[in-house]
Amino acid sequence: MRTRIIVFPGSNCDHDAMHAVKHVLGEMDTEFVWHKEDSIGQDVDLVILPGGFSYGDYLRTGAIARFSPVMQDVVRHANDGGRVLGICNGFQVLCESGLLPGVLIRNESLKFVCKEVSLRVERVDTEFTSSLTKGSVIRIPIAHGEGNYIADDEVIAELEANNQVVFRYCDASGNTTPQSNPNGARNNIAGIINRTGNVLGLMPHPERACESILGSADGLKVFQSLRSAIHSGAKLEFA
């Protein structure tokens, strides 16, 4: 599984992603790619845009990172059907790059939120979630100040109609309540996928929930799903 992790100035979860993929999952062909590079390399299976504060979150989150030299090749990779996983700040960069719709703004509370949350799994027929169970509740940490996902009514309606919402914030029983929504995101949206099923963005950090000693290993299933899809060579038909 040839994985490349993009490193921007201000990335701080790049080593977490490296540990999850290379040391926990055991995929040794995993390398960092500096933002100034103009290529992610050849025959890459997965690109990860990690969490952090790219370019200090100046202007707005992800807006400057979108213009990093390497992002042109990341967009090319995605448009060619390559897999891209954007986590937290990576999700913000994906939205700014136009690879995913909508935008992430300040949390409704206007405070940084760092805690473990419950997520309801909405889709399992994707290469990112095939090891999970539809409707199950998983525990994943969040750490963000701008995780409030918004989009206009038309975009939200399209996301729901096309079943592009992959994860929603919920309570321990799977109920999507206002109280279980840590940032005010519309429709309790925690993660979405593109129409073709090869680009996923989510605010919670699966790479920080890959070992039971950390309190939850639920996030490992995202990476196990990707490994199964990549090693099998079969692409799931996303509908």
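The values are calculated or read from the model by the stated rules, or taken from the named source; none is laboratory data. This structure is a prediction, so every number in the text was calculated from the model and none was measured. All Cβ positions, glycine included, derive from the backbone under ideal geometry; neighbour counts span all protein chains shown.
Suppose the filter is at pLDDT 95 or above and part of a loop (DSSP other than H, G, I, E, B); does Leu132 pass it?
Yes; evaluated as a whole, the condition is true for this residue.
Scan region 126-148 residue by residue and report those that are surrounded by fewer than 20 Cβ atoms within 10 Å (Cβ to Cβ) and β-branched (Val, Ile, Thr).
Thr133, Val137
Of all residues in region 165-208, count the ones that are out of contact with any Ser or Thr (no Cβ under 7 Å at 6 or more places or on another chain), part of a loop (DSSP other than H, G, I, E, B), more than 19 Å from Val74 (Cβ to Cβ) and of a type outside the set (A, V, I, L, M, F, W, C).
Total meeting the criteria: 11.
Could you please let me know if Thr61 is more than 21 Å from Met1 (Cα to Cα), touching a residue at least 12 places away in the same chain (Cβ under 8 Å) and polar (S, T, N, Q)?
yes
With respect to Ser97, is the statement that it is in contact with a helix residue (DSSP H, G or I) (Cβ under 8 Å, 6 or more places away or on another chain) and among the small types (Gly, Ala, Ser) true?
Here the answer is yes, as Ser97 does meet what is asked.
Quick check on region 129-142: of everything there that is of a type in the set (A, V, I, L, M, F, W, C) and within 13 Å of the chain's Cα centre (by Cα), which residue is nearest to Cys13 (Cα to Cα)?
In this case the residue turns out to be Ile142.
For the list (1) free of Cβ contacts under 8 Å to residues at least 60 places away in the same chain; (2) surrounded by fewer than 21 Cβ atoms within 10 Å (Cβ to Cβ); (3) in contact with a strand residue (DSSP E or B) (Cβ under 9 Å, 6 or more places away or on another chain), I need the number of the one condition that Asp45 fails.
(1)
Go through region 146-157 and give me each residue that's among the small types (Gly, Ala, Ser) and either farther than 30 Å from Ser212 by Cα or in contact with a helix residue (DSSP H, G or I) (Cβ under 8 Å, 6 or more places away or on another chain) (or both).
Within region 146-157, Ala151, Ala157 meet the criteria.
Hey, among the residues in region 105-125 that are within 21 Å of Asn163 (Cβ to Cβ) and touching a residue at least 40 places away in the same chain (Cβ under 8 Å), which one's surrounded by the fewest Cβ atoms within 10 Å (Cβ to Cβ)?
Applying the filter and picking the extreme gives Asp125.
Are any residues in region 219-233 of a type outside the set (S, T, N, Q) and free of Cβ contacts under 8 Å to residues at least 40 places away in the same chain, and if so, which ones?
Gly233
Kindly indicate which of Arg208, Arg195, Arg227 is among the charged types (D, E, K, R) and surrounded by 24 or more Cβ atoms within 10 Å (Cβ to Cβ).
Criteria check complete, one pass: Arg208.
Inspect region 149-171 for any residue being buried (at least 18 other Cβ atoms within 10 Å of the Cβ), in contact (Cβ under 8 Å) with a residue 60 or more places away in the chain and among the charged types (D, E, K, R) and give the result as yes or no.
We begin by selecting, within region 149-171, every residue buried (at least 18 other Cβ atoms within 10 Å of the Cβ); these are 149, 151, 156, 159, 164-170.
Checking the rest, the ones that are also in contact (Cβ under 8 Å) with a residue 60 or more places away in the chain come to none.
Within region 149-171 (the criterion being buried (at least 18 other Cβ atoms within 10 Å of the Cβ), in contact (Cβ under 8 Å) with a residue 60 or more places away in the chain and among the charged types (D, E, K, R)), the answer is no, since none of the residues qualifies.
Select from region 209-231 the residues that are hydrophobic (A, V, I, L, M, F, W, C) and under 17 Å from Phe167 (Cβ atoms) and list them in ascending order.
Selection gives Ala209, Cys210, Ala217, Leu220, Val222, Phe223, Leu226.
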